[in-house]
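Structure first, commentary second.
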Amino acid sequence: MAETHRITKHPILEVKEKKVITFYWNDQKLHAQEGEMIASALFAYGIHVFGHHVKDNSPQGIFCANGQCAQCTVIANGIPVKSCMIPVTENMIVQSCNGLPELPEVNESPSFDPIEEYETDVLIIGGGPSGLSAAIELSKHNVPLILVDDKSELGGKLVLQTHKFFGSIKDCYAGARGIDIAKILSEELLKYDTATVWTNSTAVYVFSDKKVGILKDNTYLLIKPKILLNAAGAREKMLVFPGNTLPGVYGAGAFQTLVNRDMVIPSKRIFIIGGGNVGLIAGYHALQAGIQVVGLAEALPECGGYKVHKDKLHRLGVPIYTSHTILSANEKDEVESITIAEVDEHFNPLPNTEKTIACDTILIAVGLNPIDEFHQEAEEAGVEVFSTGDAEEIAEASSAMFNGKITGIKIAKALNISSEKIPEEWSKKAKILKSPPQKTLPYKLPESEEGVFPVFHCVQEIPCNPCTSVCPLDQIKIIDDSLLGLPFFEGKCTGCMQCLTVCPALAITLVDYRKDSHFPTVSIPYEVGNHPIESGQQIHVVDIDGDLLDKLHVVNVRDTKTKTQIIQVKAPSHVAKKIAGLRIQEPAVSEVLENPLLDTIDDSVIVCRCERVTAGEIRKWIRKGITDMNQLKQLTRAGMGACGGKTCESLILRMYKEEGYALQEITFNTRRPLYIEVPLEILSIIKEK
Amino acid sequence: MNKNFDIIIIGAGSVGVPIALFLAEKKFSVLVIESLASPGQGQNKKAIGGIRATHSDKAKIHISLESIDVFSTWKEKYGDDIEWRSNGYSFPAYTDEHEKMLKGLLKIQKSYGLNIDWISAEEFLKIAPGVNPNGLRGSTFSPEDGSASPYLSLNYFYFKSMEFGASYVFGEEVTDIKKECNGYTVTTHTNNSYSSEYVINAAGNNANHIGKMVGLDIPVVPDSHEGGITDAVQHFFNPMIVDLRPAENSKNYYFCQRPEGQVIFCITPEPPIVGTDSRATSIFLPQVARRMLELFPRLKNLKVRRTWRGQYPETPDGFPILGDTELDGFYLAVGMCGQGFMLGPGIGKLFARLFSNSLSYDDMDNMKSLSLYRNFGSEEKFK
């Protein structure tokens, strides 16, 4: 077997040489890179099915890639483990988990070490953008703190973001890439002696005796903080449709983890459900990794994400199906195609609008839910608690950073360490950074046909201003200086192209009439190096909406410090200003198959993935009048599995809604410890022999 | 809704629901009033599902044998799978004291009809392979004891009781009980009033509070226990294992493997933690993990999935309080000391005979020994 599913070059990410180790998969000798997770080592060989469920023998594989579910369980050296969380080790024997795993025999009686307990002023759960920002602010105030993060590297989801960030340069590093922001923030935090940072450390519960259980590497310990900050982020929402549990259907976050962290190629052709920023960016990341994006469907008439994100993806050649929903993921063992359909204003699929498109992976990016349980637990335990970032309210990372900083100061004040007043404008700005896209204004091209100037293909108000900060002549401005406003250029341009390379949406081009006023040179920012563009090559240039304008030859390709390339073409003057990008994915790639595959949405669709509980079983009890979700769980086992209802709870609530219930008629599930499953061996602190 | 009933039961839990079931089966009109949203949401759902007749007195052995009969024949009778299995109970002994005590009880237990015996350490290791053999002296084993799902059992008892005509109100907390000339009026916090000739207090943790409404002081005090459940693995041991040895800050603990492969466990803190605070403490998991691994090292690779804390409504002697009171028509089925789930159906049957005037001499004797007016001097050995 060949290990062919690895990313060997990437326009943004560095492909590092790593030590190669040997492991075994069901008696096959394979190779892995030292330190990588078992799941990723298997994906590198194109192995996506890790086992079969005990209840119905359905294929199991990666779903969350985040340690939250147990669908990627394999047997490693005899012990059942979550393959997305456990690194491969030399000569590890990995077997697929078919049905229930067998518990290995153990004959030695254990002895135990005492449990370690720590006290601190502030415990921060989560080292993503908001947690890091809060920790830095607290450290500036000399507040002793412990920050725990369940990954091996700080930065949370920032480490997966290869694109440049929106927001404001001054307040949240806009224009820099997520991966670079993660480095800046973690390096800054590590400068402070008062901050203790534990990676590979998962908080499992805030107990009533005000202690927080932490699973750190392979030990269990307790921390008693004066104040808890929940910066644990969010989890992805799921959908119910036939085939929704096939290996190959997973969240956009899981996809980004596989591609941008582990640098494996999980698929050749993806389809994305959800036109929010997460789905749009995941599509962009896929293209950067050399993966075809055969379409994106959004149920609303417009994508909910930033229009510039959508336009960027669409220009590159990805079809965007608005007012469309997924009907099914098709085939038995792994995804082979998707069927979508147009929807009416009530989101009901319209007959005869079904389309089937070949793909091997379907990304679900239909929104996020805050991880709010630590907040609730702390309140119940009487521990003073704050939440920030997505754990408080779902928004962009730029907002998470700024709000994290404000929360840090609030905590310092709560500890009586700071009496600093939080400026009123900060809360205004915090609000703006959180704001969804605003108005779309008419698209206007400059009238001038001489000299050199930037053209903005940016028509929707979003909180973003990096272009205004980089112009050496300070000629790019926003009306009223509002972060939400649209940029405009007036006056002089040197043609330095800094605005082109800083724009997160790659929505600025430069048109230069100075050498040839009939065939001005157009400079287009580009960063999909897995589709290399070379001088002399003919490219398809497109307008803001992705419509073909012309086929032109590239006259020059310039590399820049920001890793964004500048592609230059000479264009006839009637199209020059209209050029907003270039198409790299030809329409044939995303062609709709001749005959749609139709699978009726019946009762056999899985709602609870862990316990394989179908929509039919749940609907049956809802129709019998069961309104207490605890009782529903007792009758069906939906929510009793490894993930603890993290995925199915919102799906079941939606089913109640479909059946005509109002939210206040429903009694919610009782939440219980633990956040993730923990082996008894670790909880007992067995002494190492 | 009709507001007049023959019998009002307060509490739709482990005990109230099966009483309603068997009274409704006898055609009594029954109303069950429950403060929570659905049946079994108090302590029933926190039970780990063990069902045994291995007790140290006649009344509980009799009631439990009848319970086992209900659990074990339910599927055959009504078709619902409540996950009954006769996987047996074992009380392994590692000390001389426990061996003597357990063996001493065998005679009494057998005389009341219990199928129980002493098995050697070797035999015990066959049904629970991997248990620590060091110092193991043997174990009691009662193969007809077993387990069922408290979730499914109570729900199916509930559905069946409604088929038989029982009525339920949920989300209403009883705030007042008035004695009328020919019965009782029960009022709830939503200002609904219901009347009946008889009232049965089956209020679990709230038994004493409900008693006070009619001037009774019922000696039931809840204390807290914590339980947990692991992920599922292939079947690897059979019986419920009860380790009676005390340790620092805990008394016995017990666990078994459920039919779907999950191991479910529970521990008894010492000294008792009185009160109804159901929040999880940080002490429980390391404490129970160490004790279980010491007894059964093989458990170490099991992952704990969920934990919870619930109460045992305790009485001074560890036995339930059943039957009539000085108030005409006011009955008690309270103080189950953590055994409401396993005793419930037997108590339900007993109450059905009580109300249809068909108590046997044994029944009368058993009710007397569990009366509110007994001398609470003895002590249950298998609390």
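Among the residues of the stretch B:296-310, those identified as touching a Pro at 6+ places or on another chain (Cβ under 8 Å) and open to solvent by less than 10 Å² (accessible area, probe 1.4 Å) are B:297, B:302, B:304, B:307. For the stretch A:619-636, filtered to residues that are more than 8 Å from chain B (Cβ to nearest Cβ) and in a loop (DSSP other than H, G, I, E, B), the residue that is most open to solvent (accessible area, probe 1.4 Å) is A:624.
Of all residues in the stretch A:416-434, those that are open to solvent by 70 Å² or more (accessible area, probe 1.4 Å) and of a type in the set (Gly, Ala, Ser) total 1. As a summary of the residue check, residue B:185 satisfies the conditions (1) without any contact (Cβ under 8 Å) to a residue 24 or more places away in the chain; (2) assigned to a loop (DSSP other than H, G, I, E, B) except for the one numbered (2). May I ask you to verify whether residue A:598 is within 12 Å of another protein chain (Cβ to nearest Cβ) and of a type outside the set (Val, Ile, Thr)? It is false that residue A:598 is within 12 Å of another protein chain (Cβ to nearest Cβ) and of a type outside the set (Val, Ile, Thr).
Residue-by-condition table, conditions (1) open to solvent by 30 Å² or more (accessible area, probe 1.4 Å); (2) more than 8 Å from every other protein chain (Cβ to nearest Cβ); (3) under 26 Å from residue A:56 (Cβ atoms):
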position: A:81; (1), (2), (3): no, yes, yes
position: A:84; (1), (2), (3): no, yes, yes
position: A:92; (1), (2), (3): no, yes, no
position: A:98; (1), (2), (3): yes, yes, yes
position: A:101; (1), (2), (3): no, no, yes
position: A:116; (1), (2), (3): yes, yes, no
position: A:122; (1), (2), (3): no, yes, no
position: A:128; (1), (2), (3): no, yes, no
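Taking into account only those residues within the stretch A:64-74 that are open to solvent by less than 20 Å² (accessible area, probe 1.4 Å) and of a type in the set (A, V, I, L, M, F, W, C), which is farthest from the chain's Cα centre (by Cα)? Looking at the filtered set, the residue picked out is A:74. Residue A:40 meets each of the listed conditions (1) open to solvent by less than 10 Å² (accessible area, probe 1.4 Å); (2) of a type in the set (Ser, Thr, Tyr); (3) assigned to a loop (DSSP other than H, G, I, E, B) apart from (3).
Restricting B:12, B:53 to those that are more than 14 Å from chain A (Cβ to nearest Cβ), part of a loop (DSSP other than H, G, I, E, B) and buried (at least 24 other Cβ atoms within 10 Å of the Cβ) reduces the list to B:53.
For the stretch A:355-386, filtering for residues that are in a loop (DSSP other than H, G, I, E, B) and open to solvent by less than 40 Å² (accessible area, probe 1.4 Å) leaves 5. Hey, does the stretch A:633-654 have a residue that's at positive phi and touching a residue at least 60 places away in the same chain (Cβ under 8 Å)? Scanning the stretch A:633-654, I find no residue that is at positive phi and touching a residue at least 60 places away in the same chain (Cβ under 8 Å), so the answer is no. Being in a loop (DSSP other than H, G, I, E, B), in contact with a helix residue (DSSP H, G or I) (Cβ under 9 Å, 6 or more places away or on another chain) and among the β-branched types (Val, Ile, Thr) holds for only one residue in A:318, A:335, and it is A:318. On inspection, residue A:566 passes the criterion of being in a strand (DSSP E or B), open to solvent by less than 40 Å² (accessible area, probe 1.4 Å) and either of a type outside the set (S, T, N, Q) or modelled with pLDDT under 95 (or both). Filtered by the rule that a residue be among the hydroxyl-bearing types (Ser, Thr, Tyr) and free of Cβ contacts under 8 Å to residues at least 60 places away in the same chain, the stretch A:74-109 gives A:83, A:109.
Say whether the condition of being out of contact with any Ser or Thr (no Cβ under 8 Å at 6 or more places or on another chain), of a type outside the set (A, V, I, L, M, F, W, C) and outside any loop (DSSP other than H, G, I, E, B) is met by at least one residue in the stretch B:283-303. Checking the stretch B:283-303: at least one residue is out of contact with any Ser or Thr (no Cβ under 8 Å at 6 or more places or on another chain), of a type outside the set (A, V, I, L, M, F, W, C) and outside any loop (DSSP other than H, G, I, E, B). In the stretch B:24-47, the residue that is most open to solvent (accessible area, probe 1.4 Å) out of those that are outside any helix (DSSP H, G or I), on the phi < 0 side of the Ramachandran plot and more than 14 Å from chain A (Cβ to nearest Cβ) is B:26. Entry remark, the stretch B:110-122: residues being in contact (Cβ under 8 Å) with a residue 12 or more places away in the chain and open to solvent by 50 Å² or more (accessible area, probe 1.4 Å) number 5 in total.
For the stretch A:502-534, taking the residues that are at pLDDT 95 or above and polar (S, T, N, Q), the one that is surrounded by the fewest Cβ atoms within 10 Å (Cβ to Cβ) is identified as A:521. Just give me the residues in the stretch A:655-689 being of a type outside the set (A, V, I, L, M, F, W, C), surrounded by 20 or more Cβ atoms within 10 Å (Cβ to Cβ) and within 8 Å of chain B (Cβ to nearest Cβ), in sequence order. Correct list: A:673, A:677, A:679, A:681, A:684. Residues in the stretch A:541-557 that are closer than 28 Å to residue A:14 by Cα and either in contact (Cβ under 8 Å) with a residue 60 or more places away in the chain or touching a Gly at 6+ places or on another chain (Cβ under 7 Å) (or both): A:554 only. Screening residue B:180 on (1) at pLDDT 95 or above; (2) of a type in the set (D, E, K, R); (3) closer than 30 Å to residue B:327 by Cα shows it passes everything except condition (1). Of everything in the stretch B:203-246 that is open to solvent by 10 Å² or more (accessible area, probe 1.4 Å) and small (Gly, Ala, Ser), the residue that is nearest to the other protein chains (Cβ to nearest Cβ) is B:232.
The values are calculated or read from the model by the stated rules, or taken from the named source; none is laboratory data. Nothing here was measured: the structure is a model prediction, and the numbers come from that model. When we count neighbours, we look across all protein chains shown, and the Cβ atoms used for this are built from the backbone with ideal geometry, even at glycine. To get the accessible areas, we keep the full protein, side chains included, count just its heavy atoms, and leave off ligands, DNA and RNA. Shrake-Rupley method; radii C 1.70, N 1.55, O 1.52, S 1.80 Å.
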